[in-house]
1. So what is the diffusion coefficient of region 94-246 in µm² per second by Stokes-Einstein at 37 °C and 0.692 mPa s, using a Kirkwood Rh over Cα pairs?
2. How many nm is it between the label spots at Arg253 and Val239, if each spot is 7 Å from the Cα in line with the beta carbon?
3. Measure off 7 Å from each Cα along the Cα-to-Cβ vector at His229 and Phe115, then give the distance between these two points in nanometres to one decimal.
4. If neighbour count is taken as other Cβ atoms inside 10 Å, put Arg202, Arg147 in order from fewest to most.
5. On a straight-distance basis, which lysines could pair with Lys158 in a cross-link, Cα separation under 19 angstrom, same-chain partners fewer than 8 positions away excluded?
6. Using the beta-carbon distance between Glu173 and Ala143 and R0 = 41 Å, what value does 1/(1 + (r/R0)^6) give for FRET efficiency, to the nearest 0.05?
7. Please arrange Lys244, Lys158, Lys90, Lys232 by counting, for each residue, the other beta carbons lying within 10 Å of its beta carbon, fewest first.
8. Which whole number of Å³ per residue matches the convex hull of the alpha-carbon atoms in the chain?
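Please treat every number below as a calculation from the coordinates, not as lab data. Owing to the predicted nature of the structure, the values given are computational and were not obtained by experimental measurement. Virtual Cβ from ideal backbone geometry, glycine too; neighbours counted across all protein chains shown.
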Amino acid sequence: MARSATVSQRRRSSTHESFLRHKGFLFLKVAVFVCVAAVAAYFFQHARPRPGGGTPLGYFLGTVGAGLIVWLALLGVRKRAVSSGHYSLKAWVSAHVYLGLSLIVIATLHTGFQFGWNVHTLAYGLMLLVIASGAIGVWAYVALPARLSENRGETTRKQMLAQIQSLDELIHEAAQGFPRDTAAIVRISLEQTDIGGGFWRRLFEDYRDCANLRALREIEAAQRTAGAHEAKALGEVAVLMRRKGDALGLARRQMHITALLEAWLFVHVPATFALLAALTVHIVSVFAYW
């Protein structure tokens with residue numbers, strides 16, 4: 001019974017453990033060891049006029065780096081398989097992050113700090129781009145979920161949309177009996193409001209042309225010149241539109257944060273495929289002229 005409780009406690013601890021802290025930063029330690037070993041081997045080798053990719057160590061580091069790049073690119077395939085323990089997805093992602101960073105050291109030493117306008121340097125540059133975009137992705141998955149939770153509070157996405165729909169119904173009811181031109185303004189809010197929009201709109205949270213905001217401004221302008229009775233009715237609609245604006249703001253911030261979580265992939269994934277292509281050309285060209 002006690003053993004079962006201990007196992008259960010370990011599983012809960014593992015579930016709540018960040019992929020960055022997996023197994024007490026196991027893969028960070030592995031990555032640091034690999035980098036230190038590579039640096040030590042580089043500076044203690046005897047290569048003249050200077051060490052580079054054409055030396056035995058250069059070929060070895062190039063092989064290790066190429067193998068790591070291919071293995072790191074397989075993360076997308078690994079995500080489709082479910083397992084636990086040493087080969088869990090969390091362990092794989094942790095290794096992906098830290099061993100991916102170690103590539104900066106391994107690949108740089110492989111080049112021997114020799115760069116030029118060629119496919120070899122292109123592959124190196126693409127590798128740095130993939131690593132940089134991956135680092136942004138790590139930040140996104142560590143920081144943004146907390147912002148998502150903080151923004152929505154106890155409100156679910158479904159409840160946010162239901163609240164906006166409910167406010168639309170209240171606005172529609174409050175606008176009954178309005179003159180045709182005023183009713184047309186209200187319809188702008190009811191029929192033309194775009195809650196989210198396309199990816200770039202959500203990413204930059206650009207809603208300056210929000211239909212509900214335009215309608216609200218026109219209602220407020222009409223309210224200033226209307227008679228007492230009409231002004232009161234317009235005021236009620238304006239209050240509802242402001243509440244709708246607040247609800248839209250909450251939903252749009254949620255979509256903005258989600259777009260931030262997705263944005264880095266628009267660079268990371270295409271750059272990874274470009275890197276694999278450049279790496280293939282790099283390897284073939286090296287052995288073609290070996």
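1. Values: Rh = 20.1 Å.
Roughly 164 µm²/s, to the nearest whole number.
2. If labels sit at Arg253 and Val239, their model points lie 2.4 nm apart.
3. 7.7
4. Ascending Cβ contact count within 10 Å gives the list Arg147, Arg202.
5. Counting by Cα, and skipping residues close in sequence, Lys158 has these lysines nearby: Lys244.
6. Details: r = 42 Å, r/R0 = 1.02.
After rounding to 0.05, the efficiency reads 0.45.
7. On the way: Lys244 24, Lys158 8, Lys90 17, Lys232 11.
So the residues, fewest neighbours to most, are Lys158, Lys232, Lys90, Lys244.
8. Numbers: hull volume 57.7 nm³, N = 290.
That works out to 199 Å³ per residue.
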